[in-house]
Amino acid sequence: MSGAARRESPLRVGVLASGNGSNLQAILDASASGGIDARVVVVISDKPEAFALARARRAGVPAVVIEKKNFASREKFDVRLVEILREHEVELVCLAGFMRILTPVVINAFPQRMLNIHPSLLPAFPGLDVQRKALEHGVRFSGCTVHVVDEGCDTGPIVIQAVVPLAPDDTPASLAARILDQEHRMYPAAIQLFAEGRIEIEGRRVSVRDAGIIETALVNPPPDDRSGKN
Ligand code: GAR
């Protein structure tokens with residue numbers, strides 16, 4: 001927990017997840033240990049088999065399934081999603097491996113109060129299968145991004161990013177695992193910034209009050225001793 005003033009009560013977070021839910025777990029763990037001033041009050045999944053639902057139940061958090069087959073349109077699905085989030089008095093919505101693009105029905109209900117995590121350094125490699133795309137493109141660095149959700153796919157204002165260098169023998173799976181390690185640090189960190197009211201959004205730019213700066217550049221492959229000045 002940083003030195004910023006504590007909230008009167010923990011930020012009420014609703015998590016949307018379609019799969020394994022390791023990011024959900026990181027948020028639940030950070031909340032349980034007091035690392036973030038936030039509490040997950042509902043987990044919603046569009047996939048009944050999502051392991052995220054079991055993680056929620058294990059933590060005593062209501063776990064709700066809504067399946068697209070029961071709704072005539074994306075908008076009707078999203079109306080129900082908003083209802084559930086409102087029933088649980090959610091203040092911040094966190095997409096954690098939620099594999100649906102939301103309509104304005106949800107985005108307008110939670111303006112600038114929805115975050116998403118994505119396993120690349122956006123705007124590079126939005127969409128799916130991004131670790132393979134990063135490897136095929138030959139980038140030296142990838143990473144993860146927490147951003148505010150807008151109507152596009154992985155396009156909203158960027159809150160925080162972590163850089164992960166690629167290794168020569170990386171596979172999509174090994175890169176995904178190292179990026180996930182960083183995701184599990186970044187998502188709770190971003191939620192905490194939000195809980196502390198330190199995030200200001202102006203157009204595409206997000207400013208984080210009292211954030212430090214990084215002065216050292218990362219180089220990959222790292223320069224060896226013979227390369228001179230480094
Ligand atoms: C994470 O890598 C997350 O960044 C990604 O899905 C994975 C979910 O893992 N999300 C996206 O690609 C969204 N565009 P998890 O279910 O173990 O948290």
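Annotation: Arg178 fulfils all but one of (1) farther than 30 Å from Asn108 by Cα; (2) surrounded by fewer than 16 Cβ atoms within 10 Å (Cβ to Cβ); (3) within 16 Å of the ligand (Cβ to nearest atom); the unmet one is (2). I'd like to know if region 185-203 contains one or more residues that are assigned to a strand (DSSP E or B), surrounded by fewer than 11 Cβ atoms within 10 Å (Cβ to Cβ) and more than 14 Å from the ligand (Cβ to nearest atom). Within region 185-203, one or more residues are assigned to a strand (DSSP E or B), surrounded by fewer than 11 Cβ atoms within 10 Å (Cβ to Cβ) and more than 14 Å from the ligand (Cβ to nearest atom). Do the conditions hold for Asp154, that is, is it under 30 Å from Asp37 (Cβ atoms) and assigned to a loop (DSSP other than H, G, I, E, B)? The answer is yes for Asp154. Is it true that Ser31 is within 13 Å of the ligand (Cβ to nearest atom), within 17 Å of Glu183 (Cα to Cα) and either at pLDDT 95 or above or part of a strand (DSSP E or B) (or both)? When the stated conditions are applied, Ser31 does not pass them. Among all residues of region 136-152, there is at least one that is more than 12 Å from the ligand (Cβ to nearest atom) and buried (at least 21 other Cβ atoms within 10 Å of the Cβ).
For region 47-77, a residue qualifies if it is touching a residue at least 12 places away in the same chain (Cβ under 8 Å), outside any helix (DSSP H, G or I) and surrounded by 15 or more Cβ atoms within 10 Å (Cβ to Cβ), and the qualifying residues are Lys47, Ala50, Ala59, Val61, Pro62, Ala63, Val64, Ile66. I'd like to check something: does region 165-173 contain any residue that is touching a strand residue (DSSP E or B) at 6+ places or on another chain (Cβ under 7 Å), buried (at least 16 other Cβ atoms within 10 Å of the Cβ) and closer than 15 Å to Phe98 by Cα? So far as region 165-173 goes, no, none of its residues is touching a strand residue (DSSP E or B) at 6+ places or on another chain (Cβ under 7 Å), buried (at least 16 other Cβ atoms within 10 Å of the Cβ) and closer than 15 Å to Phe98 by Cα. Looking only at region 96-122, residues that are more than 17 Å from Ile201 (Cα to Cα) and of a type in the set (S, T, N, Q) come to 2 in all.
For Glu136, the conditions (1) in a loop (DSSP other than H, G, I, E, B); (2) at pLDDT 95 or above all hold with the exception of (1). Considering each residue of region 49-69 in turn, at least one proves to be within 16 Å of the ligand (Cβ to nearest atom), under 15 Å from the mean Cα position of the chain (by Cα) and either of a type outside the set (Phe, Trp, Tyr) or closer than 28 Å to Pro126 by Cα (or both). Among the residues of region 5-28, those that are more than 10 Å from the ligand (Cβ to nearest atom), touching a residue at least 12 places away in the same chain (Cβ under 8 Å) and not in a strand (DSSP E or B) comprise Ala5, Arg6, Arg7, Pro10, Leu28.
The values are calculated or read from the model by the stated rules, or taken from the named source; none is laboratory data. Given the structure is predicted, the values throughout are model-derived calculations rather than measurements. Here Cβ is always computed from backbone atoms with ideal geometry, including for glycine, and neighbour counts include all displayed protein chains.
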